[in-house]
Amino acid sequence: MGLAIFDLDNTLLGGDSDYLWGQFLVEQGIVNSDDYQQTNQAFYRQYQDGTLNIYEFLAFQLAPLRQYSPQQLDLWRSQYLEEKIRPIILSQAQELLALHRSQGHTLLIITATNRFITGPIAKMLGVNDLIATEPEMRDGCYTGQVKGIPSYGEGKVTRLKTWLKERALTLKTSWFYSDSHNDIPLLEQVTYPVAVDPDNLLNTYADTKGWAIISLRKKQADIYSLLPVEIRRSFKEGGGSG
C-alpha cells in the first residue's frame, strides 16, 4: 500500500513547534525570559546550521517538564496548541495528507521534537502514527531526561527501522517529505524523497540528486497538480483530488 512519512516542523507546519514552545514559556513567564530566550535561539541556530548537539538541547528543552505537574503542563500545552500551532497548520499540508490517505497509504510523522509537544499536533493533523523523541517519565511525572534514541538525524533512521520491524513493514514503496538537511540520512532511504520548502543546504543537495522539490506555503492550485510528475506517477491512477 505504501508508507508516506512526513517531517513536522517547517514541513507540515509553517514554523517550528519546539522553538514556539520555548517562546510560549517565555511569554507566559514560566521560565526566565532573557536567559531562556537567548539559549532557545542559540539552539535553533545550531539546528539550522547542522551543528546541534541533540542531547545538550534536550537537557535544556525537557527541563521545564520536570518542574511542574503533568496536569499543569497539560493546561499550558492546550493553550499553546491553540495560540501557536493551530494558526501555522498549512492548508496544503492537510491536502497532501488527505491525498496520501485517499491512496490507502500508511501515514507516519517522524520528528525530533518530543512527544509531549507533538503527540497532540499529530492528532490535530489526523495522523495516528508518530515517531518522536520520547521524554522519560517516572511515577507519572517527567524526569527532564530523554528515553531511548532521539529521532534526530541518523536517529530518525534507527527509530524508523525499529518501527518498521515491529509492524512487519518495509520502505519498498515510500515517500518522505522534509524541509531540513538534517533529514538527508532518512531521505536517502525512501523510494521518493521530497524536499519541502527546503533550507539552503537541502535545496542544493536535492537539486544535485534530482529529488523532487515542492512548496506547501504557496497556495496556487490543488495539491495534486502542484506535485512534480515523478511523484504523481507514484500514485495509483485517478489519485488526483478531483
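The values are calculated or read from the model by the stated rules, or taken from the named source; none is laboratory data. All of these numbers come straight from a predicted model, not from anything done at the bench. Cβ coordinates were reconstructed from backbone atoms using ideal geometry, including for glycine residues, and neighbour counts include every protein chain displayed. Just so you know, the surface numbers come from the protein's heavy atoms only, side chains and all, with ligands and any DNA or RNA stripped out. Shrake-Rupley method; radii C 1.70, N 1.55, O 1.52, S 1.80 Å.
Applying 0.36 nm per residue to the separation of residue 88 and residue 191 and subtracting their alpha-carbon distance, the gain on full extension is 34.2 nm.
What value, in deg cm²/dmol to 500, does the helix sum -39500 (n - 2.57) over DSSP H runs of n ≥ 4 give at 222 nm once divided by the residues of the chain?
-12500 deg cm²/dmol
Computed over neighbours whose Cβ is under 12 Å from that of residue 8, the net charge equals -4, Lys and Arg +1, Asp and Glu -1. Distances between placed amide hydrogens fall under 5 Å for residue 145 paired with 136, all partners being 5 or more residues away or on another chain. Here the peptides 37-44, 2-9 are ranked by packing, the mean other Cβ count within 10 Å, and the order with the highest first is 2-9, 37-44. As a calculated quantity, the FRET efficiency between residue 37 and residue 168 at R0 = 51 Å, using C-beta atoms, amounts to about 0.65. Entry for segment 99-242 at q = 0.20 Å⁻¹: log10 I(q)/I(0) = -1.41, Debye formula applied to identical alpha-carbon scatterers, no solvent contribution. Summing charges over all other residues whose Cβ lies under 11 Å from the Cβ of residue 111, with Lys and Arg as +1 and Asp and Glu as -1, gives -2.
Taking 0.36 nm per residue of sequence separation and removing the Cα-Cα distance, the residue 1/residue 217 pair yields an extension gain of 75.0 nm. Legend: residues 74, 49, sorted from most to least accessible area (1.4 Å probe; ligands, DNA and RNA excluded), read 49, 74. Of all beta bridges that DSSP places with both ends in the chain, some 20 percent have antiparallel geometry.
Measure nothing but the geometry: give the 0 to 90° angle between the long axis through the Cα atoms of 154-166 and the longest principal axis through the Cα atoms of the chain, rounded to 10°. So the helix axis and the longest Cα principal axis differ by about 70 degrees.
Between residue 79 and residue 203, residue separation times 0.36 nm minus the direct Cα-Cα distance comes to 41.2 nm. Classify the chain as rounded, prolate or oblate from the Cα gyration tensor: take a ≥ b ≥ c as the square roots of its eigenvalues, call it rounded if a/c is under 1.5, otherwise prolate when a/b beats b/c and oblate if not. Prolate is the answer for the chain, as a/c is 1.5 or above and a/b outweighs b/c. Taking the accessible area of the chain, probe 1.4 Å, and keeping the other protein chains in place, the carbon and sulfur fraction comes to 46%. Rounded to the nearest 10 square angstrom, residue 188 shows an accessible area of 80 square angstrom against a 1.4 Å probe.
Please report how far the C-alpha centroid of segment 72-91 lies from that of segment 124-189, rounded to the nearest whole angstrom. Between the Cα centre of segment 72-91 and that of segment 124-189, the gap is 22 Å.
Between helix 33-49 and the chain there is an angle of about 30 degrees, using the helix long axis and the longest principal axis of the Cα atoms. Using a probe of 1.4 Å, the accessible surface attributed to residue 131 totals some 10 Å² when neighbouring protein chains are kept in position. What is the ratio of the Cα radius of gyration of segment 1-137 to 2.2 N^0.38 Å, with N the residue count, to two decimals? Computed over Cα atoms of segment 1-137, the ratio equals 1.08. Measuring with a 1.4 angstrom probe and ignoring ligands and nucleic acids, residue 197 comes out at about 40 Å² accessible.
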